[in-house]
Amino acid sequence: MAVTTRLTWLQKKILQNHFGDKKFSLLYKASVHGSSTKDLLNRCCNQGPIVTVIYGENVVSGVYVEDNYREETTVSIIIFVLGETEISECKISECKAESYGLFVNHHNNEEYRINLQSGRVLIPPKIAKSLELPPGHQCSFQECEVFRCEDSVDERKIQGLTQLRGHLLLAMRNYKPYGDLVNQVKILLLGPIGAGKSSFFNSVKSVFQGYVSHQALIGNDTTGTSKNYRVYSMKDRSNGDSLPLVLCDSMGLGEDEEGLCMEDILSIIKGHISDRYQFNSMNPITSSHVKYIEYPQLKDRIHCVAFVFDINSIEHLSYEMVAKIKRIRREMIKCGMLHVVLLTHVDSMKLITRSDLMDIYSCVPVKLKIDAVHSNLGFPVSNILVVSNYSSEWELDAVKDILILSALRRMLWTADDFLEDFPLE
Ligand SMILES: Nc1nc2c(ncn2[C@@H]2O[C@H](COP(=O)(O)OP(=O)(O)OP(=O)(O)O)[C@@H](O)[C@H]2O)c(=O)[nH]1
Ligand SMILES: [Mg+2]
């Protein structure tokens, strides 16, 4: 059976981030591997940077050693105490691992000693004081674990990511809408003001053209919202062909009567509204408007709707906004419109680092947000996608691209399901 750590997800994350976005591999656990310091040293020496975690009754503390750790060699160590949300730390130089106790420095009377046999840790008074522990802190512990700390994003991983990005790009280039019913599927981006709709278009465009694009204006009037309806076709840099998908960027949904209104949403979905129509929250489009398409064809209508939300805003959506979204969703279901949810801004979530984006769906805070979208708004968990848009960066990043392309691929599949089921007569 695999040996597992006692650290909670949050504790591990705080430690990993604190020591430089590291990945931890558990090398030693006292309750499993025994309480002999010799055994511990055999397992943990020459492993590169290591972190030792001591589980006291009320305090989780430990030691981080950046240099390669070897018996009888001297290293600098960082002693830390893990708080609920942060870490306090203190450095001691010239420490040694000795067979009867770890990390001993005899020179300055700074004897930090982990004694596995007696299950006690001794912290020198000066250090205990700076870590706000009781003076002369000596406590018994219930468990001791040692982890190897590696860089989360190494060369091999980057190669793997670049390959995956290549596969996804190819799949997208070769994609053909279901039954060749249309040349391009139309995906509508719908969501609250500032959710990241225009940024998602910019991000998709960036991935396909090979450099970061800021074509769609972000928050472009005094109220910070774009009022134009835009239908964006994109080209693939590799062959200059148009992509088999079109992204439709709409005005944001606002509180009460503000923002995009229900009538206009339905008109967009049915294909009545053409590119560059300027919305007016109070006056939905009428058939006399020059941008109104009287008899829309299958190619004019929307084939997939993506509800876009800032992941950090989910629990803060107002009662009115939640009611509005639920109402729109009900209308969509009524008219057979398939939809997904796109959660943006995942990069600005607390504790989430770049390396988390590689396996974002297994991050606990992200899972909690997905559950919140499900329970607050009613969307099925399986339809909820997560991305980190290009917002202020100028360089492409394979990790972001993979999330963007994976989300897009799901939207295309959803559009196919819609087309397959569409009553052509
Ligand atoms: N960090 C981060 N910032 C983002 C992300 N997506 C969007 N932003 C930022 O959020 C702000 C709003 O983004 P927009 O793309 O204008 O949002 P929108 O949904 O188009 O807004 P409206 O058109 O006004 O309804 C901008 O400052 C973006 O740079 C993201 O994934 N991560
Ligand atoms: Mg916008």
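Is it true that Leu253 is buried (at least 22 other Cβ atoms within 10 Å of the Cβ) and either more than 16 Å from ligand 2 (Cβ to nearest atom) or hydrophobic (A, V, I, L, M, F, W, C) (or both)? In short, yes. Counting only strands (runs of 3 or more DSSP E) wholly contained in region 25-93, the ones carrying 3 or more residues that are free of Cβ contacts under 8 Å to residues at least 24 places away in the same chain occupy 74-82. The lone criterion from (1) under 30 Å from Asp21 (Cα atoms); (2) in a helix (DSSP H, G or I) left unmet by Glu145 is number (2). Give the residue, chosen from Asn46, Asn58, that is at positive phi and more than 26 Å from the chain's Cα centre (by Cα). Criteria check complete, one pass: Asn46. Contact map, region 190-219: first residue assigned by TED's automatic domain parsing to the domain that holds Leu385 and more than 28 Å from Gly166 (Cα to Cα), second residue within 8 Å of ligand 2 (Cβ to nearest atom) and among the β-branched types (Val, Ile, Thr), Cβ cut-off under 8 Å, separation 6 or more or different chains; pairs are Ile193/Thr225; Gly194/Thr225; Gly219/Thr225.
Within region 135-162, residues that are small (Gly, Ala, Ser) reach partners that are at pLDDT 85 or above and in a strand (DSSP E or B) with beta carbons closer than 7 Å, at six or more positions or on different chains, in the pairs Ser140/Arg120; Ser152/Lys22; Ser152/Lys23. Being within 16 Å of ligand 2 (Cβ to nearest atom), in the same structural domain as Lys270 (by TED's automatic domain parsing) and modelled with pLDDT of 95 or more holds for only one residue in Asn389, Asn376, and it is Asn389.
Among the conditions (1) closer than 23 Å to Met337 by Cβ; (2) touching a Leu at 6+ places or on another chain (Cβ under 8 Å); (3) not hydrophobic (A, V, I, L, M, F, W, C), the only one that Asp236 does not satisfy is (1). For Phe147, the criteria (1) modelled with pLDDT of 90 or more; (2) in contact with a Phe, Trp or Tyr (Cβ under 8 Å, 6 or more places away or on another chain); (3) within 16 Å of ligand 1 (Cβ to nearest atom); (4) of a type outside the set (Val, Ile, Thr) hold in every case but one, which is (3). Taking the numbered list (1) more than 9 Å from ligand 1 (Cβ to nearest atom); (2) buried (at least 20 other Cβ atoms within 10 Å of the Cβ); (3) touching a residue at least 24 places away in the same chain (Cβ under 8 Å); (4) aliphatic (A, V, I, L, M) in turn, Leu260 passes all entries but (1). Applying the condition of being free of Cβ contacts under 8 Å to residues at least 24 places away in the same chain and in a loop (DSSP other than H, G, I, E, B) to region 292-327 and asking which residue is nearest to Met251 (Cα to Cα) yields Ile293. Please verify whether region 201-211 includes one or more residues that are part of a loop (DSSP other than H, G, I, E, B), farther than 21 Å from Glu393 by Cα and away from ligand 1 (no atom under 16 Å from the Cβ). No, there is no match, as no residue in region 201-211 is part of a loop (DSSP other than H, G, I, E, B), farther than 21 Å from Glu393 by Cα and away from ligand 1 (no atom under 16 Å from the Cβ).
How many residues does region 150-191 hold that are outside any loop (DSSP other than H, G, I, E, B), at pLDDT 95 or above and over 28 Å from Asn239 (Cα atoms)? Residues that pass the stated criteria total 1. Note on region 1-24: among residues that are assigned to a loop (DSSP other than H, G, I, E, B) and in contact with an Asp or Glu (Cβ under 7 Å, 6 or more places away or on another chain), the one that is surrounded by the fewest Cβ atoms within 10 Å (Cβ to Cβ) is Thr5.
Scoring Tyr69 on the criteria (1) modelled with pLDDT under 90; (2) more than 18 Å from Ile123 (Cβ to Cβ); (3) surrounded by fewer than 21 Cβ atoms within 10 Å (Cβ to Cβ) leaves a single failure, condition (3). Out of Leu342, Leu419, one residue alone is within 16 Å of ligand 2 (Cβ to nearest atom) and farther than 21 Å from Tyr211 by Cα. It is Leu342. Taken over region 169-186, the residue count meeting the criterion of being touching a Phe, Trp or Tyr at 6+ places or on another chain (Cβ under 9 Å) and of a type in the set (Val, Ile, Thr) is 1.
The values are calculated or read from the model by the stated rules, or taken from the named source; none is laboratory data. This one's a predicted model, so the numbers in the text were calculated from it and none came from an experiment. Neighbour counts run over all protein chains shown; Cβ positions are idealised from the backbone, glycine included.
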